[in-house]
Amino acid sequence: MTDPIKTYAFVHHHITVVRAGATPSLQVPEPLSRKTPVMILLLVFMLLFSVVSAQQMETVPEVERVLPKALESYRWFHSHPELSKQEEKTSKRLAQELRAAGLEVIENVGGYGVIGLLKSGKRGPVVLYRADMDALPVTEATGLPFASLNKGVMHACGHDLHMSCAIGVLTLLAQNRDDWEGTILFVGQPAEEVGSGAEAILADPRFQELLAEVGNPRLALALHDDAGLPAGQVAVTPGYVTANVDSVDITIHGKGGHGAAPDLTVDPVVIGSELVQSLQTIVSRKLPPGTRAVVTVGVFQAGTKRNIISSKAELKLTIRSYEPEIRERIVEEIERMSAQIAAAHGAPKPPTVYHHAESYTPAGFNDITWAGKLRKLFQDELGVENVKDLPPSMVGEDFSEYSKGLKIPSVIFLLGAGAQDGSTAGLHSNKFAPQAEEALRTGIQLMRLSLLEALRP
Ligand SMILES: [Zn+2]
Ligand SMILES: [Zn+2]
């Protein structure tokens, strides 16, 4: 099968020649010589050829012009993954590409954040567009020719795809500034996987200065790839789209002693076991049926030796919810159950329940009006059958911080990156290998359309 990228690169080459002012000149060299008829013939041929190229150009979707560059960036980012808060080389490369595309760039914002400003030169709205940059502590096993060169670190969540998509989109928009009005405030965000990058960007005084200069955005936009959705498809869910993420640690205080004399102790392992069971009844018995929420005990640690009853046990929980009142209710139930179950077993003091406010990630809410507009755009572009309705996810995404912090609406949509037969390994898997070319083609086009829509006065 023909590689469409190569084909378009070839066409693009001729477009460049035509645009670079090499359009055959109609000036006939003086003085006329024997060579003149040959030269005229040659010029006529070149002129004809450039007309053909120009016609071909019109049939080539604009996205194809930036796709080879975006793919090249994608492969570079993929082979050079960096962990959260260590995105040094990644940020340099991203900054370099954005400058080359014509953006004003500020580096090292909120850590290794990269802020890019793209101004049309005409007054108009400001729109924030975010792409995240960090990779994961995963040892890659995809076997890709451009697999990770950084041992034990992998772009297993597709943030490499997000960055290269942004490079494609912003290059196109920079080349066509007559098509839109206003300012694009691009945020290359570090540390998404640890949930702290967006807050760090928002808290950086240079970001605040920039906002004061350009104005508060009217909308925040982002996309995230999806391994289960085939490349060429997209999902945009109005309303809640990602969950509140709360972290709670419980320390159960017992009374330690000999494993052979439990009657002289208060066993925190027994209290903890009962508590884990009871916590599972919060969603099923304490919340209205159909409420979407999760309580997971990911860590249960106690003891050092089989014949010693420990004096304490530790539980570490992750809690997922959407509505603020449900979030509060779950935490209250955890506190109540912990205290009462420990009391029922005669614990010397109530458990310590610590709610980590600093690591809270708010739920993401896709603004109903904007999500509706984008969905319509996507349907017109891809066909109704390629725009899916996916249920909201229980994962966390700190993209929600921009909406919360700047008090603006936001939309994040899911970009299909999987194989048509559903065989692509999931996000965070060491075998995650997206259909990068097709996903980039769709992502660049849809994000470009979304930005143009959001920038309409
Ligand atoms: Zn991830
Ligand atoms: Zn991610």
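Readers should treat all values here as calculations from the given coordinates under stated rules, not as data from a laboratory. The shown structure was predicted, so the numbers you read here are calculated from the model rather than taken from an experiment. Virtual Cβ from ideal backbone geometry, glycine too; neighbours counted across all protein chains shown.
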Which order do the peptides 185-195, 412-422 come out in when sorted by mean C-beta neighbours inside 10 angstrom, highest first? 185-195, 412-422
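What does the extension gain come out to for PHE300 and GLN277, with contour length at 0.36 nm per residue minus their alpha carbon separation? Before the final figure, lay out each step's value.
Values: separation 23, 0.36 × 23 = 8.28 nm, distance 1.23 nm.
Value of the extension gain: 7.0 nm.
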Paramagnetic reach from ARG177 in segment 416-457 [backbone N under 14 Å; point 7 Å along Cα→Cβ]: none
What ranking do 293-303, 318-328 get when scored by the average of other Cβ atoms within 10 Å per residue, highest first? 318-328, 293-303
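From the mean inverse distance of alpha carbon pairs (Kirkwood) and the Cα radius of gyration, derive Rg over Rh for the chain.
Looking at the chain, the ratio lands at 1.11.
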Quote the relative contact order of the chain in percent (integer), defining contacts as alpha-carbon pairs under 8 Å separated by 6+ residues. 21
Helix axis angle, 62-79 relative to the chain longest principal axis, alpha carbon, degrees: 50
Compute the helix-to-body angle for 4-17: its Cα long axis versus the longest principal axis of the chain, expressed 0 to 90° and rounded to tens. 50
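Need one word for segment 175-240: rounded, prolate or oblate. Basis is the Cα gyration tensor (sqrt eigenvalues a ≥ b ≥ c); a/c below 1.5 gives rounded, then a/b vs b/c decides. Intermediate results must be reported in sequence, preceding the final value.
Numbers: a/c = 2.27, a/b = 1.26, b/c = 1.81.
Verdict is oblate for segment 175-240.
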Once every DSSP H run of n ≥ 4 in the chain is given -39500 (n - 2.57) and the sum is divided by its residues, what mean residue ellipticity at 222 nm do you get, rounded to the nearest 500 deg cm²/dmol? -13000 deg cm²/dmol
If one compares the long axis through the Cα atoms of helix 368-382 with the longest principal axis of the Cα atoms of the chain, the angle in degrees, nearest 10, works out at 50
Based on the mean of other beta carbon atoms within 10 Å per residue, what is the order of 202-211, 331-340, most packed first? 331-340, 202-211
Farthest positive-ward along the chain dipole, Cα basis, beta-carbon charges - from PHE413, ILE319, VAL66: VAL66
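Among the listed pairs LYS286/LYS388; LYS122/LYS376; LYS151/LYS431; LYS376/LYS407; LYS119/LYS388, which have their C-alpha atoms separated by more than 22 angstrom in this model? Walk me through the numbers on the way to the answer.
Details: LYS286/LYS388 32 Å; LYS122/LYS376 27 Å; LYS151/LYS431 15 Å; LYS376/LYS407 25 Å; LYS119/LYS388 33 Å.
The answer is LYS286/LYS388; LYS122/LYS376; LYS376/LYS407; LYS119/LYS388.
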